[in-house]
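The values are calculated or read from the model by the stated rules, or taken from the named source; none is laboratory data. What you see is a predicted model; the values in this text were computed from it and never measured. Please note: Cβ atoms are built from the backbone with ideal geometry, for glycine as well, and neighbour counts cover all protein chains shown.
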Amino acid sequence: DAFRNLQPRSQDKLKGETLIMSQPVQNLVIVGGGTAGWMSAVYLRKALDKNIQITLVESSDVTTIGVGEATFSTIKLFFDYLGLQEHEWMPKCNASYKTAIKFNNWNTQGQHFYHPFQRYETVNGFDIAEWWLKIKRDEEPFDYACFLIPSICDHKKSPRYLDGTVFDDKVKDLISREFIPEKNVLSDHKVQYPYAYHFDANLLARFLKDYAKQRGVKHVIDHVENVKLAEDGSIDSIITREHGNVSGDLFVDCTGFRGLLINEALDEPFNYFSDSLLCDRAIAMQIPTDIKKDGINPFTAATALSSGWVWNIPLYGRDGTGYVYCSAFLSEEEAEQEFRQHLGPAALNCKAKHIKIRVGRNRNSWVKNCVAIGLASGFVEPLESTGIFFIQHGIEELVSHFPDKTFNEELIKSYNNTIAECIDGVRDFLTLHYCASDRTDTPFWKATKQEIKIPEQLNEKLRLWKTRLPNNKNVNHNYHGFDSYSYSVMLLGLNYLPESSLPALNHIDEREAIAVFNSIKQKANHLAATLPSQYEYLTYVIKS
Ligand code: FAD
């Protein structure tokens, strides 16, 4: 697909149409050298390997955001596409494995639950979670009953054995690697991978920079002071402090929340999601850890506090942590105080970085000859680690929508719809985290029930879930990474339970479901007993 759009259109024999001479894009300029800039550079260099010059311009005066360290399982496909093995990049980025997100205190009971990178088994045509509602709901938490991963997480295990085998290959009969929709990441990889990664964002940017430069990406360190527009309103060139004008055919705006090209120069409006997602600030911190003594958790934690939630991302040698909160309920000082209290003595000498977050998306992420990727395109709070997923999705869609110099309007429209559907789909899913939680103990948590606007599609999904209508299976046809299993996990975890189990299950013998629950238990115990710890795996296998 990547190459189809690059074929010279002069070769096309379009019925009855004037032959259009194609004018291929020859000069692509990326502005910004954060995760978005360097991921774009390496990926585009690999996908478009001839007849195109790629230049990346980054300022040494504007620092990168420096957070964004937990990922979504599709990231594995990004590294696979670049031909990078885990042992080649993980040690250089202090990376670790992530098999789930652990949600703490998101419901009034203060319970925890896992959202794992693992799909439900199907028993007699119904998700095992439906069977849990029928025969196990008063017996044991759904995540431990339905998945293997919670046990791996509790025991701080690696998802790989020392010989490199991934845990689910050892217990294959139990795991269905479900195919995800056609319109997804790289076409030869249509599986849900059972893990993602945590990594140091700055080290990853450095690693990708070296990789891109070795493969011919031109790197200019300079500050962009101005943007020169052409008569038709597209970008003619960027004006840098020391290198003068840098012109291009296509510009990729990776300048972060500022959106230097897309918002400032091209005036594209940014649509905020503040009516459904209230958090607008973050405090980030890095805390050294003793991994030899304490091990490394193979999950990201998201712990609810008074006016938002705290992320904890365990890397090889330190944790990345941060409090995402709503400034209408807490000042910077109050937030930092509450955050430090939560972290305890481990954070005593650690510096806090306060960040204003721009939550929402551009009306259009592609305007004229400029495509925004990363924070310049859109952002939602990192509750499901989607920032880097948005980057990957944006780049992949850019490759499959790659233009020539005519900048076909239909192509641009299709790209913009795809990006908007993805980001809006994630907004809906995150809104569910708040509105389906039963917490109302602070003004913030009250507001998440009384003040937020529940997007229409989400409202419909919640109604179907409660009333047990069957279309809760097809929660959304647009691709945004979260399908029905994720919705079900969050709703069960938040105790947003339907009143009854599915009536159909009263007419099906439940012995098979009971056997599957028993088998899950056995396999989980086996994995916990036989997998190496994550510390052991990373230390002895990846680092050696
Ligand atoms: P930045 O890192 O801000 O980079 C901007 C670049 O533009 C810099 O190189 C800068 O020098 C350059 N620039 C700016 N102005 C100029 C100029 N005038 N001239 C030249 N260059 C310029 N994502 C996840 O996937 N998982 C997470 O857990 C996660 N957590 C997050 C937590 C927070 C609080 C935030 C804010 C984001 C988080 N994200 C997360 C998102 C993730 O951090 C970003 O998607 C990712 O880092 C990409 O950032 P970026 O490259 O778009 O922008």
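The helices (runs of 4 or more DSSP H) found entirely in region 61-178 that carry 3 or more residues being buried (at least 17 other Cβ atoms within 10 Å of the Cβ) are 75-82, 128-135, 142-146, 149-154. So which of Gly481, Gly425 is touching a residue at least 60 places away in the same chain (Cβ under 8 Å) and not charged (D, E, K, R)? None of the others qualify; the one that does is Gly481. The residue that is surrounded by the most Cβ atoms within 10 Å (Cβ to Cβ), counting only those in region 245-265 that are of a type in the set (D, E, K, R) and within 14 Å of the ligand (Cβ to nearest atom), is Asp253.
For every residue, the table says whether it meets (1) within 30 Å of Ile152 (Cα to Cα); (2) assigned to a helix (DSSP H, G or I).
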{"position": "Ile239", "(1), (2)": "no, no"}
{"position": "Glu242", "(1), (2)": "no, no"}
{"position": "Val246", "(1), (2)": "no, no"}
{"position": "Ser276", "(1), (2)": "no, no"}
{"position": "Cys279", "(1), (2)": "no, no"}
{"position": "Ala284", "(1), (2)": "yes, no"}
{"position": "Lys292", "(1), (2)": "yes, yes"}
{"position": "Thr300", "(1), (2)": "yes, no"}
{"position": "Thr303", "(1), (2)": "yes, no"}
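Might you check whether a residue that is touching a strand residue (DSSP E or B) at 6+ places or on another chain (Cβ under 7 Å), under 13 Å from Trp132 (Cα atoms) and part of a loop (DSSP other than H, G, I, E, B) occurs anywhere in region 502-510? Within region 502-510, one or more residues are touching a strand residue (DSSP E or B) at 6+ places or on another chain (Cβ under 7 Å), under 13 Å from Trp132 (Cα atoms) and part of a loop (DSSP other than H, G, I, E, B).
What do you reckon, is Ser331 surrounded by 22 or more Cβ atoms within 10 Å (Cβ to Cβ) and either free of Cβ contacts under 8 Å to residues at least 60 places away in the same chain or within 26 Å of Pro116 (Cα to Cα) (or both)? Working first, answer last.
Numbers: surrounded by 22 or more Cβ atoms within 10 Å (Cβ to Cβ): no; either free of Cβ contacts under 8 Å to residues at least 60 places away in the same chain or within 26 Å of Pro116 (Cα to Cα) (or both): yes.
Criteria not met by Ser331.
Screening region 368-382 for residues that are of a type in the set (A, V, I, L, M) and closer than 12 Å to Gly256 by Cβ and picking the one that is surrounded by the fewest Cβ atoms within 10 Å (Cβ to Cβ) gives Leu375. Which one of these is away from the ligand (no atom under 11 Å from the Cβ), of a type outside the set (Lys, Arg) and either surrounded by 17 or more Cβ atoms within 10 Å (Cβ to Cβ) or closer than 30 Å to Arg363 by Cα (or both): Glu242, Glu268? None of the other options fit; the residue is Glu268.
Within 30 Å of Arg318 (Cβ to Cβ), at pLDDT below 90 and either hydrophobic (A, V, I, L, M, F, W, C) or in contact with a His (Cβ under 6 Å, 6 or more places away or on another chain) (or both), is that true of Val171? Taking the combined requirement at face value, the residue does not satisfy it.
In this structure, does Ala346 turn out to be modelled with pLDDT under 95, surrounded by fewer than 23 Cβ atoms within 10 Å (Cβ to Cβ), away from the ligand (no atom under 15 Å from the Cβ) and of a type in the set (Gly, Ala, Ser)? Let's see the steps before the verdict.
Details: modelled with pLDDT under 95: yes; surrounded by fewer than 23 Cβ atoms within 10 Å (Cβ to Cβ): yes; away from the ligand (no atom under 15 Å from the Cβ): yes; of a type in the set (Gly, Ala, Ser): yes.
Yes; evaluated as a whole, the condition is true for this residue.
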